[in-house]
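One structure below.
The values are calculated or read from the model by the stated rules, or taken from the named source; none is laboratory data. The model shown is predicted, which means the values in this text are computed figures rather than measured ones. Positions of Cβ are generated from backbone atoms using ideal geometry, with glycine treated the same way; all protein chains shown enter the neighbour counts. Ligands, DNA and RNA are excluded from the accessible area calculation, which covers all protein heavy atoms including side chains. Shrake-Rupley method; radii C 1.70, N 1.55, O 1.52, S 1.80 Å.
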Amino acid sequence: MISLNPFHSYNLGELPPGCKYCVRGEKLVLFITGICPRKCYFCPVSDQKFQQDVIFANERKVESTEDILTEAKLMDAKGAGITGGDPLSKLDRTIEYIKLLKEKFGLKFHIHLYTSLNLATEETLKQLFEAGLDEIRFHLELDSKQLWNKLIIARKFSWKIGVEIPLVPTKEKETFEILEFVKDKIDFLNLNELEIADNSQSKLGEMELHTKDELSYAIKGSLELGLKVLEFAQKEKYNLSIHVCTAKLKDAVQLANRIKREAQGAK
């Protein structure tokens with residue numbers, strides 16, 4: 001039986017290093033660009049950012065690198081999570097910001113990054129690693145295996161490697177196929193409870209996926225799929241850390257702790 005952890009999520013093995021910082025609200029959320037080679041039907045990115053080349057740090061618009069440093073200092077950040085869009089769409093900018101943060105806050109400042117496999121090559125990953133990236137998380141496509149083998153490239157570098165996917169209730173077969181594929185290739189698998197987004201590109205409503213209730217954005221059946229994956233992996237004794245990240249963790253723990261740190265820094 002998989003038990004709820006103190007952060008209102010579920011896990012087998014240790015939480016990934018990046019997640020440990022996040023649940024304490026210690027990570028700066030750095031949105032590098034809204035540009036992305038993919039157009040996922042579950043994309044949560046707002047209309048203001050979707051396919052727009054804009055930069056945000058903790059939801060504040062960034063006009064200069066100083067804005068990023070100010071935001072990091074305000075919350076006494078211990079690390080940063082780099083997201084998008086796809087940060088590899090603006091690789092030079094991403095490299096610049098990783099180096100900047102490491103230079104200003106030290107090598108222990110933990111940086112993880114989310115990307116698809118579309119733009120991943122040995123050269124782009126080498127640049128990220130040499131810039132100081134500590135942890136990389138790949139969004140594998142549920143409906144196409146075409147790029148999955150590119151995961152092997154990431155293993156050439158000594159960083160933490162993860163795969164992060166949404167828990168789409170109608171994609172149980174595909175979710176288990178990803179589990180089988182990655183179980184001996186990565187350090188951790190993050191499974192996110194799916195939430196319906198308030199934007200124009202999300203197609204979840206058209207797929208007849210509905211929220212748990214009127215007060216929740218979480219999709220009915222999503223969490224249950226995650227627990228099913230955890231129980232299967234536990235039964236099979238997979239040597240892989242798996243984290244089912246719930247909507248409650250994101251809102252009631254991660255975001256709340258980050259806002260609290262920002263408020264304390266603003267005093």
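A few points about this structure:
- Selected residue (criterion: modelled with the highest pLDDT) from residues of the range 228-255 that are more than 17 Å from Ile186 (Cβ to Cβ) and open to solvent by less than 40 Å² (accessible area, probe 1.4 Å): Thr246
- Where Ala80 falls short, out of the listed (1) of a type in the set (A, V, I, L, M); (2) part of a loop (DSSP other than H, G, I, E, B); (3) surrounded by 15 or more Cβ atoms within 10 Å (Cβ to Cβ): (2)
- Per-region count, the range 179-237, residues part of a helix (DSSP H, G or I) and of a type in the set (S, T, N, Q): 2
- Looking across Leu167, Leu223, Leu142, Leu194, one residue alone is over 30 Å from Leu107 (Cα atoms), among the aliphatic types (A, V, I, L, M) and in contact with a Gly (Cβ under 7 Å, 6 or more places away or on another chain). It is Leu167.
- Among residues of the range 236-250 that are hydroxyl-bearing (Ser, Thr, Tyr), those with a beta-carbon under 8 Å from a residue that is part of a loop (DSSP other than H, G, I, E, B) and at pLDDT 90 or above at least six positions away or on a different chain give the pairs Tyr238/Lys183; Ser241/Gly13; Ser241/Glu14; Ser241/Leu15; Ser241/Pro16; Ser241/Asp187; Thr246/His8; Thr246/Ser9.
- Considering only residues in the range 122-150 that are without any contact (Cβ under 8 Å) to a residue 12 or more places away in the chain and closer than 17 Å to Ile178 by Cβ, the one that is least open to solvent (accessible area, probe 1.4 Å) turns out to be Ser144.
- Look at (1) in contact with an Asp or Glu (Cβ under 9 Å, 6 or more places away or on another chain); (2) over 19 Å from Cys19 (Cα atoms) and you find that Glu172 fails only one, number (1).
- Hey, Leu194 of a type in the set (A, V, I, L, M, F, W, C) and under 16 Å from the mean Cα position of the chain (by Cα) or not: yes
- Check on Thr94, open to solvent by less than 60 Å² (accessible area, probe 1.4 Å), in contact with a Pro (Cβ under 6 Å, 6 or more places away or on another chain) and of a type in the set (Ser, Thr, Tyr): yes
- Selection count, the range 151-176, where residues are open to solvent by 50 Å² or more (accessible area, probe 1.4 Å), outside any strand (DSSP E or B) and not β-branched (Val, Ile, Thr): 5
- Some residue of the range 112-120 being in a helix (DSSP H, G or I) and open to solvent by 30 Å² or more (accessible area, probe 1.4 Å): no
- Annotation note: Cβ proximity below 8 Å between a residue of the range 157-171 that is under 14 Å from Phe188 (Cα atoms) and free of Cβ contacts under 8 Å to residues at least 60 places away in the same chain and a residue that is assigned to a strand (DSSP E or B) and of a type in the set (Val, Ile, Thr) (sequence gap 6+ or interchain) occurs for Trp159/Ile136; Ile161/Ile136.
- Reported count of residues in the range 55-67, each being of a type in the set (Val, Ile, Thr) and under 19 Å from the mean Cα position of the chain (by Cα), is 1.
- Annotation note: of Leu100, Leu88, Leu69, the sole residue that is in contact with a strand residue (DSSP E or B) (Cβ under 6 Å, 6 or more places away or on another chain), more than 30 Å from His210 (Cβ to Cβ) and open to solvent by less than 50 Å² (accessible area, probe 1.4 Å) is Leu88.
- Residue satisfying all of: in the range 1-57; small (Gly, Ala, Ser), in a loop (DSSP other than H, G, I, E, B) and on the phi < 0 side of the Ramachandran plot; surrounded by the fewest Cβ atoms within 10 Å (Cβ to Cβ) among these: Ser3
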